[in-house]
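Every number here is computed from the coordinates shown, using simple stated rules; none is lab data. None of these values were measured; they are calculated from a predicted model. Note: ideal-geometry Cβ built from the backbone for every residue, glycine included; neighbour counts use all protein chains shown.
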Protein chains: 2
Amino acid sequence: MKIGQVKRIRKRTLEILKKAHIAVRPHEAANIEVADFGLNDIKNIGLELIVYENNDRYCAKELVLFPRQICPEHRHPPMDERNIGKQETFRCRWGEVYLYVDGPATQKPKAKIPKKYEEKFTVWHEIVLRPGEQYTIPPSTLHWFQGGDKGAIVSEFSSKSIDESDIFTDTHIQRTLVYEQ
Amino acid sequence: MKIGQVKRIRKRTLEILKKAHIAVRPHEAANIEVADFGLNDIKNIGLELIVYENNDRYCAKELVLFPRQICPEHRHPPMDERNIGKQETFRCRWGEVYLYVDGPATQKPKAKIPKKYEEKFTVWHEIVLRPGEQYTIPPSTLHWFQGGDKGAIVSEFSSKSIDESDIFTDTHIQRTLVYEQ
């Protein structure tokens with residue numbers, strides 16, 4: 001992604017955070033992580049993040065999804081003897097998010113996937129999260145999620161986050177990105 | 001504390017959360033933890049908590065302080081070889097909070113302590129947190145905090161929480177309470 005696009009997306013992210021009355025400091029606003037997962041289609045596949053804290057023991061982030069934006073299917077694998085993989089709790093703060101994990105497929109799911117990506121989404125057990133609702137995803141469990149029609153803000157509480165180790169169903173995905181000037 | 005008083009305090013806690021646009025579900029509202037630390041003086045010494053998640057790896061809570069309410073001085077000691085004590089990150093969401101940790105004493109601190117408790121507060125290095133500001137308290141570090149003139153809401157992100165092991169400077173304190181009918 002070009003840095004100009006990243007800045008536009010950061011501005012839009014801040015507008016959503018403001019709507020939800022979530023305060024962020026200027027240095028956080030200037031460093032919002034904009035992830036297009038290397039697919040160059042951030043309208044459909046993307047995620048905006050503010051990492052509040054990430055240390056060896058715990059991690060807390062605010063995740064922002066634009067309307068119908070999708071965080072693609074992935075899992076957090078075991079890392080070593082002391083880390084069986086990242087566990088995370090999603091708490092919806094604003095909007096609505098459709099979360100999918102392994103389990104019996106939900107008939108008529110709320111998520112809408114562009115046709116070209118359909119085969120990259122293999123788990124369809126739906127959990128709908130509205131403000132104040134939350135769900136904990138066990139380590140190494142495949143999952144993906146989509147914002148509703150007005151988008152969503154999700155607080156993520158978790159064990160240590162090591163994004164570069166995430167395993168995506170779509171093997172074209174690159175999680176760690178460098179913004180171009 | 002009598003359950004009637006607890007219910008009144010829960011209602012007041014919900015009013016503050018509503019002001020701050022923080023959504024909680026009915027079962028959370030009905031179970032807000034009201035801690036008077038056994039001192040029966042919750043106007044001065046007390047804390048209201050919603051525990052979103054607490055597992056072996058991480059913990060997330062929302063802390064609510066009424067105007068000038070104080071969470072008394074304490075530390076989270078080492079538990080075992082794998083747990084060197086609870087580490088916690090406080091992120092102010094609403095209002096203003098005055099946090100005190102070990103370190104050079106701040107001249108003219110913002111906190112106000114009722115005279116009868118003065119000797120129970122021994123660390124005076126001040127950190128002021130306004131919405132969007134945060135601070136991480138290392139394990140086993142003495143700390144205490146007070147809400148500002150309109151109170152405060154603080155998101156706490158931490159390693160596992162084991163309240164009953166907390167060590168308070170005021171030895172009269174009981175952290176774990178049963179509400180009376």
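All but one of (1) crowded, with 19+ Cβ neighbours inside 10 Å; (2) of a type in the set (G, A, S); (3) on the phi < 0 side of the Ramachandran plot hold for A:A105, so report the exception by its number. Tallying (1) crowded, with 19+ Cβ neighbours inside 10 Å; (2) of a type in the set (G, A, S); (3) on the phi < 0 side of the Ramachandran plot, A:A105 fails exactly one: (1). Of all residues in the stretch A:42-52, those being farther than 16 Å from A:Q174 by Cβ and either within 14 Å of chain B (Cβ to nearest Cβ) or assigned to a strand (DSSP E or B) (or both) number 4. For the stretch A:79-97, a residue qualifies if it is surrounded by fewer than 19 Cβ atoms within 10 Å (Cβ to Cβ) and within 15 Å of A:Q69 (Cβ to Cβ), but none of them does.
Taking the criterion of being charged (D, E, K, R) and either under 22 Å from A:I137 (Cα atoms) or surrounded by fewer than 19 Cβ atoms within 10 Å (Cβ to Cβ) (or both), the residues of the stretch B:34-67 that qualify are B:D41, B:K43, B:E53, B:D56, B:R57, B:K61, B:E62. Screening A:W94, A:W124 for residues that are touching a Pro at 6+ places or on another chain (Cβ under 8 Å) and in contact (Cβ under 8 Å) with a residue 60 or more places away in the chain leaves exactly one candidate, A:W94.
Of the conditions (1) within 14 Å of chain A (Cβ to nearest Cβ); (2) over 13 Å from the mean Cα position of the chain (by Cα); (3) hydrophobic (A, V, I, L, M, F, W, C), B:L39 clears all except one; give me its number. In the conditions (1) within 14 Å of chain A (Cβ to nearest Cβ); (2) over 13 Å from the mean Cα position of the chain (by Cα); (3) hydrophobic (A, V, I, L, M, F, W, C), B:L39 misses (1) alone.
Residues of the stretch B:1-33 that are within 14 Å of chain A (Cβ to nearest Cβ), in a helix (DSSP H, G or I), of a type in the set (K, R) and surrounded by 12 or more Cβ atoms within 10 Å (Cβ to Cβ): B:K19 alone. Considering only the stretch A:161-173, I want to know if a residue exists there that is of a type outside the set (F, W, Y), within 14 Å of chain B (Cβ to nearest Cβ) and not in a loop (DSSP other than H, G, I, E, B). Looking through the stretch A:161-173, none of the residues is of a type outside the set (F, W, Y), within 14 Å of chain B (Cβ to nearest Cβ) and not in a loop (DSSP other than H, G, I, E, B). Residues of the stretch B:111-167 that are surrounded by fewer than 21 Cβ atoms within 10 Å (Cβ to Cβ) and among the hydrophobic types (A, V, I, L, M, F, W, C): B:A111, B:I113, B:F121, B:V123, B:W124, B:I127, B:V128, B:L142, B:I162, B:I167. If I filter the stretch B:124-133 for residues that are part of a loop (DSSP other than H, G, I, E, B), away from chain A (no Cβ under 14 Å) and either of a type outside the set (K, R) or touching a Ser or Thr at 6+ places or on another chain (Cβ under 6 Å) (or both), do I get at least one hit? So far as the stretch B:124-133 goes, yes, one or more of its residues are part of a loop (DSSP other than H, G, I, E, B), away from chain A (no Cβ under 14 Å) and either of a type outside the set (K, R) or touching a Ser or Thr at 6+ places or on another chain (Cβ under 6 Å) (or both). Please determine, by comparing only the residues of the stretch A:168-181 that are under 9 Å from A:F37 (Cβ atoms) and in contact with a helix residue (DSSP H, G or I) (Cβ under 6 Å, 6 or more places away or on another chain), which one is surrounded by the fewest Cβ atoms within 10 Å (Cβ to Cβ). Checking each candidate, the answer is A:R175.
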